[in-house]
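Please read the structure below before turning to the comments.
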Amino acid sequence: MLSETLLDRSPVWLIFAGTVLLLLAGNEIGFRFGMWRREHMPEGEKAPATAIMGSTLGLLAFMLAFTFGMSGSRFDTRKQLVLDEASAVLRAHQRAQFLPEPQRSECSRLLKTYAEQRVGGMARLSLSELQELLARSEATQDALWKTAATLADRPSASLSLFVQSLSELTDLQMRRVRAAVWNRIPPTIVLTLYGIAFLALAATGYGAGLAESRTTVPSVMLILTFSAIIVLIVDLERPRQSLFEVSQQPMADVVRRIQSFHP
């Protein structure tokens, strides 16, 4: 059963706006607290506070790089799984041509249907549409297995290879669903990233308050930059991305080849 979190359901512009507001709030709170502390803090304590501010920003940069690397790796895995599944479908179709009739025609038709089901703007589908698409794909797989089972009393090398291809298709679909929905960065890490970003901008505002010198433009640019990177990380992790989309072109090429084989 597919499920979505609050970040998965939210549009990307809303996530960006919320992140910017959160970091702006942290910066403002830190600045006002720094102004208040300036009246009570000895002059010698300002340098350590500035050093802590720099360390916090460095930690945030490290966390952003670490988390972005994890998300990018998962996105590359999704793209590779599309290519692997397209190759498996084409291989199954080629092996199906060595089956006797009527199983050969039926399996070819089902594999063409299966490939067409896997092509399309999957990233733009709603959750209910994705669940329906997954159910149709599983039904097509079941039909392929049932068709192959009718040849169980006539074992052959061709049938063994075809059954092997069906096993690959089942495995790859499970891996694609797991990679898109379940194999994601834990929510705790995302919350920690937001927390560190909030504290880092609060530390920046705190240092500006101690110095009684606020640089608004650089602070806003820093907030926008950090917010953009955080939104990229969040969108990379969502089952249905808005800024990114795993290309289904390899599967579309398979559909074209199967159609040319059966004009």
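When the Gaussian network model of the chain links Cα atoms closer than 10 Å, the mean-square fluctuations of L60, L159, L151 top out at L151. Lys and Arg at +1, Asp and Glu at -1: add these up for the other residues within a Cβ distance under 12 Å of V220 and post the number. Residues near V220 contribute 0 overall. Given the DSSP H assignment, sum -39500 (n - 2.57) over each helix run of at least 4 residues in the chain and divide by its residue total; what's the result at 222 nm in deg cm²/dmol, nearest 500? Rounded to the nearest 500, the figure is -27000 deg cm²/dmol.
When the chain is fully extended, how far beyond the present Cα-Cα distance does S156 get from W182, taking 0.36 nm per residue of separation?
So the chain would gain 5.6 nm between S156 and W182.
The phi torsions of the range 244-256, fed into the Karplus equation with coefficients 6.51, -1.76 and 1.60 and a -60° offset, translate into couplings of 10, 8, 6, 5, 9, 4, x, 5, 4, 5, 5, 4, 4 Hz, rounded to whole numbers, with Gly and Pro shown as x. In the range 175-263, the inverse of the mean reciprocal separation of distinct Cα atoms equals 16.9 Å; this is its Kirkwood hydrodynamic radius.
Ordering K79, K112 by the number of other Cβ atoms within 10 Å of each residue's own Cβ, fewest first, gives K79, K112. Taking 0.36 nm per residue of sequence separation and removing the Cα-Cα distance, the A25/F98 pair yields an extension gain of 19.6 nm. Rounded to the nearest 20, the size of the Cβ-charge dipole of the chain about its Cα centre is 400 debye, with Lys and Arg at +1 and Asp and Glu at -1.
Kindly give Rg over Rh for the range 6-261, based on alpha-carbon atoms, with the Kirkwood expression for the hydrodynamic radius.
On the way: Rg = 26.7 Å, Rh = 21.7 Å.
Using Cα coordinates only, the ratio equals 1.23.
Approximating the spin labels as points 7 Å out from Cα along Cα→Cβ, the R136-to-L191 distance works out to 3.8 nm. What the Cβ-Cβ distance of F66 and E129 gives, at R0 = 25 Å and to the nearest 0.05, is a FRET efficiency of 0.15.
No lab work stands behind these numbers, since they all come straight from the coordinates. Quick caveat: nothing in here was measured; it's all calculated off a predicted structure. No Cβ is skipped: glycine too gets one built from the backbone with ideal geometry, and neighbour counts run over all protein chains shown.
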